[in-house]
Amino acid sequence: MLARCSSQRASAGYLAPVMQATDPIRFIGSEIYRRSTYGQKHPLAIPRVSVCIDLCRALGWLPDAIYIDSPIATPGQLARFHAPDYIAAVRRAERERDLSEEVKRRFALGRNGNPIYAEVFSRPATACGASILAGKLLSGQDKGLIYSPAGGTHHGRPDRASGFCYFNDPVLGILSMLDKGLKRVLYLDIDAHHGDGVQDAFHDDDRVLTISIHEAGRWPLQAGRDDGPGGVSDRAGGMARNLPVPPGFNDSELAYLIEAAVLPLAQAFDPQAMVLQGGCDGLEEDPLSRLSLSNRAIWDAVAAVKGLAPRLLVLGGGGYNPWAVGRCWAGVWATLSGQEIPERLPPEAEAAQRDLSWRHSRGRNPPERWFTTLADPPRPGPVRSEIRELAKTVLA
């Protein structure tokens, strides 16, 4: 499997099909993300999922036959992982648009980057509904691929909000697979932030291997790279592997870690299904990390790992520049579904990009290529010795 996946990444580029026509493939989305916002001053005040969907449709990549409108997870479904009193508090926050100070403190609602807004229950419950449905669909077939860019809320805790995440849809998606009888699920997280909520949820479960590639020292990490949560020595209950990377992490370094660390770990685990959290806040244009990836590096990583398991659920995650997120996630879908990425966007797709705005200093004078192209210029660089040591350490 290792050799096959390696050659697939090298040949996939941005033109070669990576899906066979007979492979079941679905895209799950919802219009709730088009009209919902965390608030004007929040990093998630921007459109993201709707931008991805609009680009994919404008490019002719998203026919109705493969699109699924996401259901909203019920309180009972959410309670598979989350505490009923916490779920009730989030529902009450949406209904009343406020909570007592005691309840806010208890559940981290209306504070710490987790605002109370109009769809504070419905929006995250929709992302969870998608992941739960995807887990069930994938578990019921021998192979398949589902993309849900609204998912990836990997910080959510059983009894509180954390890091803009109210519920943890990756956990619920994985649980739906386990509940249907799968015995080995690989969770790979390439977000700039540590996948702490997912790692901790499966701390003592040898059916789930979690691998997280993230920026060292970035929230929610509180300690040093080597000895703190999410550090290279943090293996939770034994089924976690963490690769904290330094600022300036480049395309060549991500490709190296995928090849030298992720693929061998996955090969040894032999997963029946994989969940990929595809946060793109590691892109150089993102304001919430100090990493320097191009979207091509994300697409190459997706191409490299997509054959590691017969069932694949790909989620979104972080990403706080609307042009960068939409372009990257549309390219992820192209990589998964075998679409050819054009050198220049067609007029409808370009118009959708020009309609975007961003209340951030980086959004005042956006470069022309954000409007006219999907692929970033590549950002290769030297593979630093600490990256090579990370790969060795995580395999030890």
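Starting from the alpha-carbon convex hull of segment 81-157, give the projected area averaged over all orientations, in nm².
5.7 nm²
When the accessible area of segment 347-396 is computed with all protein chains present and a 1.4 Å probe, what percentage of it is carbon and sulfur?
Taking all protein chains in place, segment 347-396 shows 52 percent carbon and sulfur surface.
Using Cα centres only, tell me the gap between segment 87-165 and segment 178-221 in whole Å.
Their Cα centres are 17 Å away from one another.
Of all accessible surface on segment 237-345 at a 1.4 Å probe, what whole percent is carbon and sulfur?
Ligands and nucleic acids excluded, carbon and sulfur give 45 percent.
Principal axes first, then extents: for the Cα atoms of segment 177-310, list largest minus smallest coordinate on each axis, whole Å, largest first.
Here the spans come out as 41, 32, 23 Å, largest first.
Using the heavy atoms of the protein chains and a 1.4 angstrom probe, tell me the accessible area per residue for the chain in square angstrom.
Per-residue value: 38 Å².
Using the Cβ atoms and a cut-off under 15 Å, what net charge is assigned to the surroundings of S122, where Lys and Arg are +1 and Asp and Glu are -1?
So the environment of S122 carries a net charge of +1.
If the chain between A396 and E96 were fully stretched, how many nm would it gain, using 0.36 nm times the residue separation less the Cα-Cα distance?
Roughly 102.8 nm would be gained on extension.
What lysines could a cross-link reach from K392, if we take a straight Cα to Cα line under 24 Å and drop same-chain neighbours fewer than 8 places away?
K306
Based only on Cα atoms, what mean projected area does the convex hull of segment 103-258 have, in nm²?
10.1 nm²
Run the simple label-point estimate for S357 and S252 please: 7 Å along Cα→C-beta, distance reported in nm.
Simple spin-label model gives 4.2 nm for this pair.
At q = 0.07, 0.09, 0.12 Å⁻¹, what log₁₀ I(q)/I(0) does the chain have when each alpha carbon counts as one equal point scatterer in the Debye sum?
Relative scattering, expressed as log10 I(q)/I(0), comes to -0.28, -0.47, -0.88.
Taking H placed 1.01 Å from N in the peptide plane, check which residues at least 5 places from D189 or on another chain put their amide H under 5 Å from its amide H.
Close amide H contacts, sequence-distant or interchain: I211, S212, I213, Q277.
Leaving out same-chain residues fewer than 8 places away, which aspartates and glutamates sit with a Cα under 19 Å from that of K143?
Filter leaves D23, D179, D270.
Taking the simple approach of a point 7 Å from Cα along Cα-to-Cβ for both D205 and S385, what is their distance in nm?
4.1 nm
What does the charge dipole of the chain about its Cα centre add up to, to the nearest 20 debye, if the Cβ of each Lys and Arg holds +1 and the Cβ of each Asp and Glu holds -1?
It comes to approximately 360 debye.
Compute the Cα gyration tensor for segment 236-328, then decide on rounded, prolate or oblate, letting a ≥ b ≥ c be the square roots of its eigenvalues: rounded whenever a/c is under 1.5, prolate when a/b is larger than b/c in the other cases, and oblate in all that remain.
Prolate.
The values are calculated or read from the model by the stated rules, or taken from the named source; none is laboratory data. The structure presented is a predicted model; accordingly, all values stated were derived computationally and were not measured. As a convention, Cβ positions derive from the backbone with ideal geometry for all residues, glycine included, and neighbour counts pool all protein chains shown. Side chains included, ligands, DNA and RNA excluded: accessible areas come from the protein's heavy atoms. Shrake-Rupley method; radii C 1.70, N 1.55, O 1.52, S 1.80 Å.
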